[in-house]
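Please treat every number below as a calculation from the coordinates, not as lab data. Keep in mind that what you see is a predicted model, and the values were worked out from it rather than measured. Cβ atoms come from the backbone with ideal geometry, glycine included; neighbour counts cover every protein chain shown.
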């Protein structure tokens, strides 16, 4: 672990232990928040925090803003998840009384996100809670405070949460296996694998691999994680992915690759909203392509853009122009309107910056 990770993880661990004590005394619950368009890292890091808090006998849940993607169901983390707008007794109770199992949300932790506007239906809830801790690794985050650990150099929020778990165990005299349950360890491993592209991206550091090894010892199954997140595909997803790839257009001396996936194609293939998750990275890996963007339309009409680059294009800055954010080489944004008009606007902005 790098020296600065040690300092920041210890500070964050002590903040979390303070929250645990506060919430225990008030008989309250901790909610952990993540961004919409959920991915392996936000889900994994959030589950890691829930496991840490529950290991001290305090109730905690991940306030997930949408259904867990099908390719993450293998993680076995349903016990950690609470969907505020879901069709469950807990969701109905929360919508009326703002309590879960009769307990008020006394503290909030956000992982892989610091901006409530990107938390979907959970954003308003996050804003309503006074006590907050934030753990994030996005370069687009510019604010800093004692209750925030922001480190764009770290591979993932999941790696950061593992260091927090280490420090919590060290401070309290627990073994880390008591702090991180096997399914939480598997989820953290999934988060690291997601954000490092199976340890192939430049954000993979020696300590990242060491962390992954420790998580395997704690219950993470690397083969299962990689297969489900990267290789496993249903027939509808395979067909939609193939269709999206066949419609890729190239611009600016083939440096920019773009494909547009309207909702009608999801319906045609019978695929879910994550049916083209693999396409943007495949496009970026084409010889000569510097920038790849996939635009997709969801059932509710919302538009999503996934942005990936190779060597010099700043994906985070580009996504920020559409109200999104992310990392230097991987980012995303949400939009509204007509998907083909959005595509034309994207092409214009890329031409001005590529």
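Couple of notes before you dig in:
- Degrees between helix 157-172 axis and first principal axis of the chain (Cα, 0 to 90, nearest 10): 10 degrees
- Of the peptides 23-32, 249-258, 68-77, the order by per-residue mean of other Cβ atoms within 10 Å, starting with the highest, comes out as 23-32, 68-77, 249-258.
- Span from the the stretch 245-273 Cα centroid across to the the stretch 114-164 one, whole angstrom: 31 Å
- The alpha carbon gyration tensor of the stretch 197-354 gives principal lengths a ≥ b ≥ c with a/c of 1.5 or higher and a/b no greater than b/c, which makes the shape oblate.
- Packing, as the average of other Cβ atoms within 10 Å across residues, places the peptides 331-340, 318-327 in the order 318-327, 331-340, highest first.
- Extending 7 Å from the Cα toward the beta-carbon at both residue 286 and residue 22 defines two label points whose distance is 5.1 nm.
- Rounded, prolate or oblate (a/c below 1.5 giving rounded, otherwise prolate when a/b exceeds b/c) for the stretch 217-267 by Cα gyration tensor: oblate
- Solvent-free Debye calculation, one equal scatterer per alpha-carbon of the stretch 1-56: log10 I(q)/I(0) at 0.24, 0.30 Å⁻¹ equals -1.03, -1.14.
- Rounded, prolate or oblate (a/c below 1.5 giving rounded, otherwise prolate when a/b exceeds b/c) for the stretch 55-124 by Cα gyration tensor: rounded
- FRET efficiency estimate (nearest 0.05) - Cβ-Cβ, residue 14 to residue 255, R0 41 angstrom: 0.30
- Angle in degrees between helix 235-246 and the longest Cα principal axis of the chain, rounded to the nearest 10: 50 degrees
- Residues of the stretch 86-115 falling in the label zone of residue 130, defined by backbone nitrogen less than 13 Å from a point 7 Å along Cα to beta-carbon, are 106-108.
- Projected label distance in nm at residue 91 and residue 344, using a 7 Å step from Cα toward the beta-carbon: 3.8 nm
- Within the stretch 3-229, DSSP assigns beta bridges of which about 10% are antiparallel (rounded to the nearest 5).
- Chain lengthening between residue 233 and residue 74 when straightened (0.36 nm per residue, less Cα-Cα): 55.9 nm
- At full extension, residue 121 and residue 336 could sit 75.7 nm farther apart than now, given 0.36 nm per residue minus the alpha carbon distance.
- From its DSSP helices (H runs of at least four residues, each -39,500 (n - 2.57)), the chain gives a residue-normalised ellipticity at 222 nm of -13000 deg cm²/dmol.
- Remark: the residue 351-residue 207 segment gains 48.0 nm on full extension, using 0.36 nm per residue and subtracting the alpha carbon distance.
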